There are 2 protein chains.
Amino acid sequence: MAVAVKALFFDVFGTLVDWRTSIAREAKAMLEPQGYKLDWLAFADAWRGEYQGAMDEVRSGRIAFCKLDVLHRRNLELVLPRFGIDKLSEEDRCTLNLAWHRLDAWPDVPPGMHRLKRRYMLAPVSNGNISLMVDLARRNDIPWDAILGSEIAGDYKPKPRVYLAAAEALDLPPRECMMVAAHTKDLMAAAALGLRTGHIARPNEHGPGRGEKGPKEPVDVAGESLEDLAGKLGT
Amino acid sequence: MAVAVKALFFDVFGTLVDWRTSIAREAKAMLEPQGYKLDWLAFADAWRGEYQGAMDEVRSGRIAFCKLDVLHRRNLELVLPRFGIDKLSEEDRCTLNLAWHRLDAWPDVPPGMHRLKRRYMLAPVSNGNISLMVDLARRNDIPWDAILGSEIAGDYKPKPRVYLAAAEALDLPPRECMMVAAHTKDLMAAAALGLRTGHIARPNEHGPGRGEKGPKEPVDVAGESLEDLAGKLGT
């Protein structure tokens, strides 16, 4: 690349953390002792299935920006009745909603991040809120330099403001920033604004064989894992 | 303390980094080769001397919020002519202005921070901008969980919004957050909003014997250094 990249911006859900099996585990731990028996992975998929629609309410301006935790709770209330869960206490609903703060990283993430940290500034540019990003980083040993993304931008990806606010926060032109994600759409939104793009394969994000094995459009660099990307970026 | 503290918020200039000798060093490195001979510590003091006045323009609403880097540049332009510096190029002015990104931490800071990190969430709640905080952290090995402070609040301490925005970002009530600073005024502003207070002695911040040896008002905890504070906070 002619211009050196100085900062790497990361998508988090799916790219760095395995939301699907983690949410299934957290839901089972909360609900099974209360006598609920259900397909826990289907529950995770259903909860995640409301994700884009909730953010569309904000992106369109129909509702004001609020943290993703608030949207996750709205989505939880939509999904619980579909699975016949009607006797969950308010306290348990709050605890279950914070399952998104207890997701596990894919195994290549901590070592890959520590390699990348030597040369690059690292920040999430996620739709998750700051506290959620902090909790995931502490749980999974991710050495962020700063937490950027939706909460500092006041909007949700793929709206341009989210990517541009992140570059501005680090005083960098977009061409010195690379968006890293397992989702081609996220990368194309960043590329349209001048950011570089790095794709990470997560072929099992939505279950075995149901995830992006590689980029669907041209990107600057593509890796099989974060460690593979770290090597290709010279670290 | 009856309620457990979960996050520590840090003042940075003076509390964690020795701005005075670092700015003197940076100014000398830039200006001496160009033939300027001056009292470098006096130059640092003069530049810092414009700090509160510049932020008052924002706090009062006379000018819109801008990053501290912008205020530092405004202040540099005020101070250079006083020292007879009239032939500095635009490029050199930009480089000199970023001297604030190259400050050295007091020696107790890296080990103290790594101890505190085990138990507490750590964030700067500084008037410095995000990129400045990131550069200081990378230079001095400070393991922040997030960068909070003026840039996410859109105002400058000791305005209440800055402390409250930091607590909100971590989803914590003020009583679960402790402001840590070498300046009693900063701590009293935080205490008025319900935050806990931790004082660090920096008796030489403004030169030998010219800094706070201890808190001037009652605080929750006071330390001779960050390592001393880490011990008193059980880490």
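Please determine, in degrees from 0 to 90 and to the nearest 10, the orientation of helix B:40-49 with respect to the longest principal axis defined by the Cα atoms of chain B, where the helix direction is its Cα long axis.
Approximately 60 degrees, to the nearest ten.
Treating the point 7 Å from Cα along Cα-beta-carbon as the label, what are the nm separations from B:Gly211 to the other copies, to one decimal?
Result for B:Gly211, in nm, nearest copy first: 4.8.
Between copies, how close do the A:Pro81 label points come, placed 7 Å along Cα→Cβ, listed in nm from shortest?
7.0
List the pairs from A:Lys67/A:Lys157; A:Lys6/A:Lys232; B:Lys6/B:Lys67; A:Lys28/A:Lys87 whose alpha-carbon separation is above 21 Å, in the order I gave them.
The answer is B:Lys6/B:Lys67.
I'm checking a number: the convex hull volume of the Cα atoms of segment B:1-137, normalised per residue, in Å³. What is it?
Numbers: hull volume 18.4 nm³, N = 137.
Spelled out: Cα convex hull of segment B:1-137, divided by residues, is 134 Å³.
For segment A:137-223, build the convex hull from the C-alpha positions and give me its volume per residue in Å³. Walk me through the numbers before you get to the answer.
Details: hull volume 9.9 nm³, N = 87.
Output value, Cα hull per residue: 114 Å³.
Within segment A:1-96, which trypsin sites (Lys or Arg not before Pro) sit in a loop by DSSP and count at most 14 neighbouring Cβ atoms inside 10 Å?
Listed in order of number, the matching sites are A:Lys37, A:Arg62, A:Lys87.
Compute the acute angle (0 to 90°) between the alpha-carbon long axis of helix A:160-169 and the principal axis of greatest extent of the alpha-carbon atoms of chain A; round to the nearest 10°.
The angle comes out near 60 degrees.
Regarding chain A, what are the three Cα extents along the principal axes, ordered largest first, in Å?
59, 36, 31
Given label points at 7 Å from Cα along Cα→Cβ, what nm distances, shortest first, separate A:Thr21 from the same residue in every other copy?
5.2
Mind pulling the angle between the C-alpha long axis of helix A:130-140 and the longest principal axis of chain A? Nearest 10 degrees, somewhere in 0 to 90.
Roughly 90 degrees, rounded to the nearest 10.
Connecting C-alpha atoms closer than 10 Å in a GNM of chain A, tell me which of A:Val70, A:Val109, A:Val162 has the biggest fluctuation.
Judging by the Gaussian network model, the answer is A:Val70.
Mind pulling the per residue volume of the convex hull built on the Cα atoms of the protein assembly as shown? Å³ is fine.
Values: hull volume 74.2 nm³, N = 470.
That works out to 158 Å³ per residue.
Would you mind telling me which residue in A:Leu116, A:Leu170, A:Leu71 has the biggest mean-square fluctuation in a Gaussian network model of chain A, where springs connect alpha carbons within a distance under 10 angstrom?
In this elastic network of chain A, the residue with the biggest mean-square fluctuation among A:Leu116, A:Leu170, A:Leu71 is A:Leu170.
Rule-based calculations on the coordinates, nothing more; no lab input. Here the structure is a predicted model, which is why all the values come from computation and not from measurement. Cβ atoms come from the backbone with ideal geometry, glycine included; neighbour counts cover every protein chain shown.
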